[in-house]
Each structure stands twice: as structure tokens, then as C-alpha cells.
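A.B. asks: Got a structure for you, written out below as C-alpha cells; questions coming shortly.
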Amino acid sequence: MMSQEISIRKLAFMFAVALFFSGCGTINKVVDVSYDPIDYPQQFFTSKDKRPVLYINTIQDNREYAVEQDGPGLSNMWNGRFEEDPTLIRHFKYPTINRLFRTSRPVSEIIGEALEIEVRRLGIESTHDRALADGVLDVSIEKFGEIFNEEVRVKISLKLYQVGNDDPIWNGTLKGAGKGKQWSLGGLNPALDKAIKRWYIYPGFQEAMVSLSGNNSSQPSFQPVVPRPSNKQQAVSGGTGFLFSSKDYVITNYHVVEGANSIRAKFTNGQTVEAVVVAKDSKNDIAILKLVNSPPLSATPIKLGDSSQARAGEKIFTIGYPASKIMGEKPKYSEGVINAMTGLQDDPAFFQVSVPVQPGNSGGPLFNVRGEVIGITTASLSLLAIDAMGAIPQNVNYAIKSSFVKNLLSTIPELMLSNTGIVVVPNEPENSLPNFIEQASKNIVLIEAKE
């Protein structure tokens, strides 16, 4: 028995020595990354329209090559593009082991497949024969799986050409982010999903596809025709946010500031203050910003109400900055009612509301008649859902409930929410709705987020 125990110890020792001198082993983690949308397909064209045919050029991988940097613990880390292996995303080297994170297929193949899927979802035909195409799409992968502030990033640059022309008729950058850690690629699928799904909303893209097909009937909306913004303007996204405490914090939608390198809050007097994201809930599309400097206006505190006490049919209103580049940078008031206590596909995190939600309204406060914020205006069901519904959506809008906002606020220890707020009492002249709007507008800011 004694000799057997000694033999086992010798074997263990010999294994440990062999492991040490052989480079200490390698662990491979393979992640299956793919684009698998499950929502309603987006459509650019009616059944009577001619569909453009698109050829997707060879995908160019322009990611930066991985360089050595300090990793977690005693490890060294490489993150990015690896010339010797198109599936390798991240490499950790520890004193006793190597950990490699790979995708199941080359990154260019994953992106190419995702774009082809979305092209078909948009109602656009694709071809692998360039001679049959109306348009050519050039694709450049800029980021795929890089970690920044605990987010996994995807960034894809696109240029659309009409066959026979050397100048692009449209260009844009698709970006997405998913929650992730250095030692995991768990956020990569959500990041890819977000990047590709936002393709159809990029300025000028639908108009460019319509022009390729030669259709005049398929227009993106019934809005007035406006000049297409320059590339510099396209890099700036706008939304609404609102101050809710005396500590210079602003609530808005996460999609308004996602991926932004510069965020500014613009007040009604025209002054702007830089802001940074201090907390976010990407799943429920909420972000908390902290102003770098104190706001220029003396604002009256806004109270966060209890969304669980709201009822269908209750009157509500919002103040925000819809389409500020077209309609102007003064706050706009709009009103409606709660249509349903749940959102799309009965999502309990949202209200369905009849308050019009235009681009730029995102992130604005949804008030009840007592002047309490019971939600954040978030999105509307666009005309692109026609084919899925069989009819044109009529003022179908959504707002995230304030209870989910409060959950995120609880992660910021220094925040102490005040129970005082403005109360709308229309029977009292000094507390009339117009007076409330005038006072509350000082709290409501135009968010300018720049890449």
C-alpha cells in the first residue's frame, strides 16, 4: 500500500514537470457566432416594386493586429486580428497555461453571411454574379470582439456603389456592443445582432436602395424631403434626456449614446455641458449620464413616479426634441394615453402609448397628469412593419417603465432620490400645465452623441 502511494506521487510529480516544460498546455474555447434575427423582417419595397439586386464584394478584414498587453492576473493578453489564424479573437498567456478564444468560422465569413441574411430581410435580392447586380457593397471589418469598458464591440464599415460608378451613393458604419468580460466572448452575438439590425435606419440608406431599383413609389416615410446630411453630421446622433436630481445626473435611452466618444447635453438656453455614461442597462435601453460641470440653468426637481400604479387609458405626455435638425432645438410637447400595460409581444418592461415618438424623442420623460415620470419614451413601430402586420402601423409607440429606471439608479450609491417634485394642478393658475411645461423644460436636454 505504501509503495502504491509513492508511485502515485511520483506520477503526479512527473506529470507536473512534463506540463511545465511542455509549455504548460493550451485550452481552446470555440464560440459559435452567427446572426439569427427572430423579430419582424424589415421591408423597403411593396410587392409591386422592382427589387434591386446587390452584389456583396469580398469582405476586407481591416482590424488592427493583436498586440501584447497586460491581462487579468498574471497573464499577458492579445486581442484583435491574428494573421496566422482568421478564427482567433483573443489569446491569454499565463505562467502555466494558454487560453485561446476562437470563433467557429473565419470572421469575414460570419459578417458576409450576416449581411446576406439582412439583405434578404430588407426585401433586397442578392447575387454572387457581379454582372447581374444593380449595386455593389464594399465591406470592411474594423472591430470584432475587442473589449472596451466591459463591452464587446463590433464595427463594420460599408460603401454602396451603383454598378458602373466609382463614387459611392451611400456609406455608413454599423456598430454594436454587448456586455462582456476579457475572459469571455459572451457578448459577441448580441453585439453583432445590434450592429446588423440598425442598418436599415442609417440616414440615406433606404433612399440609396430605392434609387438602385429605379422605383419612385417606395419612400422611407411621408416626411418632407430634406437635404442629406454630410458625413460629419451623420456622425452625430440626437435624443432627449432629463435631469432628475440635484447631483447633475441625466436619464436617457442607451441607444442614444451607445458607442459615443463624446456626449453633450444641450439646455434650453443653448449652453452645452459634457457628460459621461456612469451606468447602463443595455437590455432595457437605459443609460445614466453624469454632467462634467453643473448645469447652467436652475432646474426644479422632477419626481420619478411608480409605473406599477399606472393604468390603461391614463392620460400622459412628454417633452422632448423630435427631429431637432429639421424641427428645431426648442423642446416640443405632445400628449396621448397609455394604450396597453405591455409592449411589443407583451413585453412587461414597456408601456404601449399613443404619444407620438419621433426620432429625437428617444430618452425623454413620460409624465402622468401629476407631473411624475412613469417612463422613458423609447421607440415606435415604423412603416417597415407593414408586411408583417398587413397594414400601416398607426401611432404605435413604446416607453420603458420607470420601475426599470429605478433599478438602475440603485447601482449608483451617491444618488438619493427626492420625493418632492412638480405637481400639475390645472385648476390652480400658478400650477397650470403650461407653467409645468415651462419649468420642466429646464430639466429636459437635447443629447448630442458623437462617434
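Every number here is computed from the coordinates shown, using simple stated rules; none is lab data. All values reported here derive from a predicted model rather than from experimental measurement. A quick note on method: Cβ atoms are made from the backbone with ideal geometry, for glycine too, and the neighbour counts reach across all protein chains shown.
A.B. asks: Go from 0 up to the bin containing the longest alpha carbon distance in segment 79-190, width 5 Å each, and give me the % of pairs per bin.
C.D. replies: 2, 10, 17, 21, 16, 12, 10, 6, 3, 2, 1, 0
A.B. asks: Within 10 Å of each residue's Cβ, count the other Cβ atoms and sort Lys442, Lys179, Lys29 from fewest upward.
C.D. replies: Lys29, Lys179, Lys442
A.B. asks: Taking 35 Å as R0, compute the FRET efficiency from the Cβ-Cβ separation of Leu433 and Leu344 and round it to 0.05.
C.D. replies: On the way: r = 30 Å, r/R0 = 0.86.
With a Förster radius of 35 Å, E is 0.70.
A.B. asks: Extending each Cα 7 Å along its Cβ direction at Lys325 and Thr58, get the distance between those two points in nm, one decimal.
C.D. replies: Each label point lies 7 Å from its Cα, and together they span 3.5 nm.
A.B. asks: Starting from the 7 Å offset along Cα-to-Cβ, what nm value, one decimal, do you get for the label separation of Glu125 and Leu297?
C.D. replies: In this crude label model, Glu125 to Leu297 measures out at 5.4 nm.
A.B. asks: Net charge around Ser441, counting only other residues with Cβ within less than 11 Å of its Cβ (Lys, Arg = +1; Asp, Glu = -1)?
C.D. replies: On the way: positive: Lys330, Lys332, Lys442; negative: Glu438.
Neighbour charge sum, excluding Ser441 itself: +2.
A.B. asks: Given a Förster distance of 30 Å, report the FRET efficiency between Ser410 and Gln271 from their Cβ-Cβ distance, rounded to the nearest 0.05.
C.D. replies: So the FRET efficiency works out to roughly 0.45.
A.B. asks: Which far-off residues, 5 or more places away or on another chain, put their amide H under 5 Å from the one on Val163, with H placed in the peptide plane?
C.D. replies: Residues meeting the criterion, in which the H sits 1.01 Å from N, are Gly135, Val136.
A.B. asks: Evaluated at 37 °C with a viscosity of 0.692 mPa s, what Stokes-Einstein diffusion coefficient in µm²/s does segment 262-317 have when Rh comes from the Kirkwood expression over alpha-carbon pairs? Let's see the in-between values first.
C.D. replies: On the way: Rh = 14.2 Å.
The Stokes-Einstein estimate is 231 µm²/s.
A.B. asks: Here's something else I'd like to know. Could you please rank Thr58, Thr173, Thr96, placing first whichever residue has the fewest other Cβ atoms within 10 Å of its Cβ? Display every interim value, and only then the final one.
C.D. replies: Working: Thr58 8, Thr173 17, Thr96 11.
The most exposed by this proxy come first: Thr58, Thr96, Thr173.
A.B. asks: Filter the cross-link list Lys179/Lys325; Lys197/Lys283; Lys50/Lys175; Lys330/Lys442; Lys179/Lys442 down to pairs whose alpha-carbon distance in this structure exceeds 22 Å.
C.D. replies: Those over the limit are Lys179/Lys325; Lys50/Lys175; Lys179/Lys442.
A.B. asks: Provide the net charge surrounding Pro322, with neighbours chosen by a C-beta distance below 13 Å and charges set as Lys +1, Arg +1, Asp -1, Glu -1.
C.D. replies: Values: positive: Lys325, Lys330, Lys332; negative: Glu329.
After counting each charged neighbour, the total is +2.
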